[in-house]
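Since the structure comes first, as structure tokens, the remarks are kept for the end.
Every number in this text was worked out from the coordinates using simple rules, so none of it is lab data. Worth saying up front: this structure is predicted, and the values here are computed from it rather than measured. Glycine gets a Cβ as well: all are built from the backbone with ideal geometry, and neighbour counts include every protein chain shown.
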Amino acid sequence: MITWTYDGKEVAVEGSWDNCKTRKSLQRSGKDFIILKVLPSDVYQYRFVVDGQWRYSPDVSWTKDEAGNNYNILELQVSHEPNDIGLKIIAKVMLRAFGDEASCNPSSSLTGSEEKEKEDKREEQLDDWSTSSCSRYFESS
């Protein structure tokens, strides 16, 4: 997952995974922007395009190229064991970013206890989904 945590109206990313041929838009998640990319194990350089300007995030690994341009670094390593905690974190972030409209709607008519019950049910579903569907996907990769 790649995250931009700074200001911007439109945020995209381009990287060495395809020789910077394509720009993929990040989705807004609260005040941040995120994208989930499935990539093979390798070390990648990437940069953000924020409102038309090249940017990098100083909060994560970064370097300068020979021309003096700053890039972020993404290092991915294969794990043959499914990481349930990692899968749950990814699933929770995606659920919060792209979850159903009612859970993100501050004017929801649910009471506090109903909202808590709904959240508990979503957590159970998330646990089931992340430990079964995701594990099967990553085991087959």
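Between Cys20 and Gly15, the built amide H atoms are under 5 Å apart, and every one of these is 5 or more places off in sequence or on another chain.
The phi-based Karplus calculation (6.51 cos²θ - 1.76 cosθ + 1.60; θ = phi - 60°) puts the 3J(HN,Hα) values of segment 10-21 at 10, 10, 10, 9, 9, x, 6, 4, 9, 6, 6, 7 Hz, whole numbers, x for Gly and Pro. The share of Cα pairs per 10 Å bin across segment 34-75, counted from zero up to the longest distance, runs 26, 55, 20 percent. What the Cβ-Cβ distance of Trp62 and Glu114 gives, at R0 = 41 Å and to the nearest 0.05, is a FRET efficiency of 0.40. Counting only Cβ charges, +1 for Lys and Arg and -1 for Asp and Glu, the dipole size of segment 2-76 around its Cα centre is about 260 debye. Here r is the Cβ-Cβ distance between Tyr6 and Gln77 and R0 is 25 Å; the resulting FRET efficiency, rounded to 0.05, is 0.40. Close amide H pairs (under 5 Å, H built 1.01 Å from N) link Leu26 with Val11, Ala12, Val13, residues at least 5 positions away or on another chain. Amide H contacts of Tyr44 (H built 1.01 Å from N, in plane; Pro and chain starts excluded): Leu74, Glu75, Leu76 sit under 5 Å, all sequence-distant by 5 or more or on other chains.
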